[in-house]
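Contents: one structure, followed by commentary.
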Amino acid sequence: MAKAKNILNVIVVVFLLIGLPAISYYYLSTGYAYRKEAITTQGDFGKMPDLSQLSAVRGDLPASTRGAMTVVGWLDPTKPVAADQYGRILDSLYTQFKDSPNLYFTTLVQADDPAAAVSEFSQKYNLPASDMLSFLAAAPASFAQTARDFQLPTSLPGETPIVALVDSSLTIVKHYDLTRRDETIGLVQLISLIIPLPEKPDLVLKRGKEL
């Protein structure tokens, strides 16, 4: 019995000295590799254009987003399918990251009455007044020009819920089509790799939020 106990003690010691550090190293190295791969897949679509000439409808675009991450989206209420998809994803993203620092969501809006459109949109998708959220009104010509400035893969912003991701150096690094679940999850994962998540049990990826 004593011999078996000694063998068990040796196994435990070996696991603590060798096995546990090996497991920790594996998870740290794979996590680093995943983060590195996610970051290196970013592109370069030029610098974020100056949006200060657009009128703020709700919330204010920060004077400078350098050092932060910004997700820019396009909203055209006359395109209800795309607007609904964008609203549900924006609601989900805000819910997950509302307590995270250095992250902003900016929406460019084309509507006959931007204030009414933004008010209705915000109420429908539970988007409160927050420093993290801003809505800017854009006339049709400006709305289309911003799509070109951000090098969106479409000439019809608002027709498809595509967002642009801007990094801390104000470089447009990626576009995400929110109709594609894999791209939406990729956006959530990349933000969570760079921006600290608040203390929560798990990342929210609920089917009800269409992520």
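Just so it is clear, none of the values below were taken in a lab; they were calculated from the coordinates. Nothing here was measured: the structure is a model prediction, and the numbers come from that model. Every residue, glycine among them, receives a Cβ derived from its backbone with ideal geometry; neighbour counts consider all protein chains shown.
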Practice prompt. Highest first, please rank the peptides 182-191, 47-56 by the mean number of other Cβ atoms sitting within 10 Å of their residues.
Written response: 182-191, 47-56
Worksheet item: Across bins of 10 angstrom width beginning at 0, how are the C-alpha pair distances of segment 55-209 distributed, in whole percent?
Response: 11, 44, 38, 6, 0
Item to complete: Work through the residues other than Pro114 whose Cβ is under 14 Å from its Cβ and net out their charges, Lys, Arg +1 and Asp, Glu -1.
Response: -3
Worksheet, complete the sentence: Dipole check, segment 55-209, charges on Cβ (K,R +1; D,E -1), about Cα centroid: among Ile162, Ala115, Pro62 the Cα furthest to the positive pole belongs to Ile162
Response to the item:
Inter-part gap, Cα centre of segment 37-104 to Cα centre of segment 110-184, in whole angstrom, is 6 Å
